[in-house]
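Here's the structure, in structure tokens; my notes come after.
The values are calculated or read from the model by the stated rules, or taken from the named source; none is laboratory data. None of the values given here were measured: they were computed from a predicted structure. Reconstructed Cβ throughout: ideal geometry from the backbone, glycine too, with neighbour counts over all protein chains shown.
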Amino acid sequence: MAMITYAQARSAFLGAARLADATLNEYPNPERGPEGEALAIDVACLGDPNTAQKLVLISGVHGVEGYAGSMIPTDLIGRLLPSEGLEIVLIHAVNPHGMAWFRRVTEEGVDLNRNFVDFDQPLPANPAFDEQLAKWLTPSAAQKSTADAALMRWMKSDMPTMRAAVAGGQYRFPAAPFFGGFAPTWARANFETILAKHVGAARTVCIIAFHTGLGDGGIGQFIGSHTARAKEREIERFIWGEEYVESGEAGTISYIISGDLPDGVRRQLSGASVIAVAHEFGTLPEMSVLEALRIDHAAAVAKARDFACMKSIYDAFFVCDERWKTTVIKQAREGVERALTWFERQP
């Protein structure tokens, strides 16, 4: 089945937003897509912009995950009816370059959900993510079998440590996965501009960022951030119930990461109550997803990304199966409805 393109996904979202009479704002990216197409973060708003309560729906933090992330708000926007005192802000393709080029990272090669650190302070340490692990994750063709065997040995000996080291975020090896950067990215800077313009004056903010790649196929979990305050975690668990987990919670698909987007939001909106979750949907088995990332990063190092490479990572984060799409959309609708119900009950 042919891959959806960024331009097609964007066009569908903008068309649905116009039909819903949403207010649209565009934040152009200076780069271009594979066919020379324009790239941008698009923001669609429904409801009173002066309200103190905001529901923010975000897609494409990890570019290639934006295909599911775009499908969801394109479905939702015509169904969303903000109650009095609430504005709904939909942010489409926060990382448009990664989405267009079928990469998880930004044009700078950075994992945006590890980029929201204070770069004026010492960067988070991850000593287990050393030079050897970076090479195992981005091996040359000649080194791949050796790297595969080394990763398998580590996985069998201490899978929890491996998962935490690989996915937690690292700030030393730009070519390897989960690199948080040496400075704020274009996507982060523009997201912060969007946040200041459309959300900054709010007292209560609920953020749902749509992600894919972790968990059982088609099954969603709401993952809270470790930066949440106790009261915020309590509210998150109240809204999403049994489908909610705290990051790093034992026996779950989640893990603690450095520099995640909710951390950046909480620092920027320090005077607001911020309820923030990732709604994460499973695609392929975890090691298959990691293998697609390894292929992508190794190909990028070798400057040899081709259609097969792009298709591999696309398939790892977006399942072209109508049953998968239907169940994901259903769960996303239910998750957003729970947030809307919670807002309606607020004084």
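Residues in the range 46-65 that are within 23 Å of ASP21 (Cα to Cα) and either crowded, with 24+ Cβ neighbours inside 10 Å or within 18 Å of the chain's Cα centre (by Cα) (or both): 7 in all.
Annotation note: of ALA187, ALA175, ALA167, the sole residue that is buried (at least 16 other Cβ atoms within 10 Å of the Cβ) and either at pLDDT 95 or above or touching a helix residue (DSSP H, G or I) at 6+ places or on another chain (Cβ under 8 Å) (or both) is ALA187.
Among residues of the range 29-45 that are touching a residue at least 24 places away in the same chain (Cβ under 8 Å) and surrounded by 13 or more Cβ atoms within 10 Å (Cβ to Cβ), those with a Cβ under 8 angstrom from a residue that is aromatic (Phe, Trp, Tyr) and part of a strand (DSSP E or B), sequence gap 6+ or separate chain, pair up as ALA40/TYR27; ILE41/TYR27; ASP42/TYR27; VAL43/TYR27.
For the range 233-347, the helices (runs of 4 or more DSSP H) that sit wholly inside it and include 3 or more residues that are small (Gly, Ala, Ser) are 286-301, 307-317, 322-344. Among the residues of this structure, ALA17 does not count as one that is hydrophobic (A, V, I, L, M, F, W, C) and surrounded by fewer than 17 Cβ atoms within 10 Å (Cβ to Cβ). The C-beta contact set for the range 138-163 (first residue modelled with pLDDT under 90, second residue surrounded by fewer than 14 Cβ atoms within 10 Å (Cβ to Cβ) and not in a helix (DSSP H, G or I), distance under 8 angstrom, 6+ apart or interchain) comprises SER140/ALA302. Within the range 212-227, residues that are among the charged types (D, E, K, R) have Cβ atoms under 6 Å from residues that are modelled with pLDDT of 95 or more in these pairs: ASP216/GLY282, counting only partners at least 6 apart in sequence or on another chain. Taking the condition outside any loop (DSSP other than H, G, I, E, B), out of contact with any strand residue (DSSP E or B) (no Cβ under 6 Å at 6 or more places or on another chain) and either within 30 Å of MET162 (Cβ to Cβ) or modelled with pLDDT of 95 or more (or both), does GLY36 pass? So GLY36 does not fit the description; no.
Of all residues in the range 9-27, those satisfying the criterion of being under 26 Å from PHE307 (Cα atoms) and in contact with a helix residue (DSSP H, G or I) (Cβ under 9 Å, 6 or more places away or on another chain) are ALA9, ARG10, ALA12, PHE13.
For the range 310-323, the set of residues classified as touching a helix residue (DSSP H, G or I) at 6+ places or on another chain (Cβ under 9 Å) and modelled with pLDDT of 95 or more consists of MET310, SER312, ILE313, TYR314, ASP315, ALA316, PHE317, PHE318, VAL319, listed by residue number.
Among the residues making up the range 193-251, a single one is of a type in the set (S, T, N, Q) and surrounded by fewer than 16 Cβ atoms within 10 Å (Cβ to Cβ): THR193. Would the range 156-168 turn up any residue that is touching a strand residue (DSSP E or B) at 6+ places or on another chain (Cβ under 8 Å) and farther than 14 Å from ARG114 by Cα? There is no residue in the range 156-168 that is touching a strand residue (DSSP E or B) at 6+ places or on another chain (Cβ under 8 Å) and farther than 14 Å from ARG114 by Cα.
Entry remark, the range 144-153: residues being in contact with a helix residue (DSSP H, G or I) (Cβ under 7 Å, 6 or more places away or on another chain) and surrounded by fewer than 18 Cβ atoms within 10 Å (Cβ to Cβ) number 1 in total. For the range 270-313, the tally of residues that are aromatic (Phe, Trp, Tyr), surrounded by fewer than 18 Cβ atoms within 10 Å (Cβ to Cβ) and within 19 Å of the chain's Cα centre (by Cα) stands at 0.
Going by the conditions given, is ASP321 of a type in the set (D, E, K, R), surrounded by 17 or more Cβ atoms within 10 Å (Cβ to Cβ) and out of contact with any Gly (no Cβ under 7 Å at 6 or more places or on another chain)?
So ASP321 does not fit the description; no.
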